[in-house]
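Everything below concerns the one structure shown next.
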Amino acid sequence: MKQDLKQGISWFCKQWTDRKFRIFLIVALTAGIGLTAECFVFSYSIWKTGRYMILAAALFFIAWIDHQSKRIPNRILKILLAVRTILLAAEWLTYPKLGLAVLLSALLGAAIGGGMFLIAHFISKGGVGMGDVKLFMVIGLYMGSGSIMTAVFLSVMASALYSIVMLLLKKIKLKEEIPFAPFIFIGTVLTMALGM
């Protein structure tokens, strides 16, 4: 555990030297403060607010790592799964009558998010990576069946808009791969901001 903490601090200090990372972090923190305020304005439960903030923070780091190395780390996804399991149990204990509905919504959200991207993975013959499939499964667990489709749609739209602009500016080539996690971060945070 101490070794993981040291590695995490070392990684963060190394990233801090990158000006783009600092700008991205400031934007993400500002969005996080806005989302937290919005959660209180809309009287979200402490559990929904907490899971949204945990997911947004983790997605920030996943987006940055994917942007830098074009990979989504399984370790962060495993931690997110463990945390969501604990939060599901806590939500069930807090709201016993709604516990089953919350669990089913989370599982259906995971099936929809992960399932859609698993199909896309096979159709694109690996163009959509398994990291994206697993990430959307985890996002579905956190956001539930009512919000995952919006998150998917906004993520795809953000990616498409970026690709079109970059193609027109001749910054990327037609078949060039771009990391998708930054757009998943944008789409998911926008979904949260829309009150989903």
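FYI, it's all coordinate maths here, none of it is from the lab. For clarity, every value in this text was computed on a predicted model and none was experimentally measured. When we count neighbours, we look across all protein chains shown, and the Cβ atoms used for this are built from the backbone with ideal geometry, even at glycine.
Here are the numbers:
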| read-out | value |
| --- | --- |
| Set of region 143-166 residues, backbone N closer than 14 Å to the point 7 Å along the Cα-Cβ line of Ala120 | 148-163 |
| Estimated FRET transfer efficiency when R0 is 41 angstrom, pair Lys173-Phe153 (beta carbons, to 0.05) | 0.95 |
| Dipole magnitude (debye, nearest 20) for the chain, charges at Cβ of Lys, Arg, Asp, Glu | 560 debye |
| Modelled FRET efficiency - R0 22 Å, Leu104 with Ile54, Cβ distances, 0.05 increments | 0.60 |
| Cross-link reach list, lysines versus Lys70, counting only Cα pairs under 16 Å and skipping chain neighbours closer than eight places | Lys134, Lys175 |
| Inter-label distance for Gln7 and Lys70, nm, one decimal - labels placed 7 Å from Cα along Cα-to-Cβ | 2.3 nm |
| Relative contact order computed over the chain (Cα-Cα under 8 Å; 6+ residues apart), in percent | 23 percent |
| Computed label-point distance, nm, for sites Phe42 and Lys78 using a 7 Å Cα→Cβ extension | 3.3 nm |
| Between 0 and 90°, nearest 10: helix 148-168 axis offset from the chain longest Cα axis | 10 degrees |
| Chymotrypsin sites (Phe, Trp or Tyr not before Pro) restricted to region 1-92 and DSSP loop, no more than 16 other C-beta within 10 Å | Phe42 |
| Mean Cβ count within 10 Å, highest first, over the residues of peptides 75-85, 99-109 | 99-109, 75-85 |
| Region 1-51 and region 125-196: distance between their alpha carbon centers, rounded to Å | 19 Å |
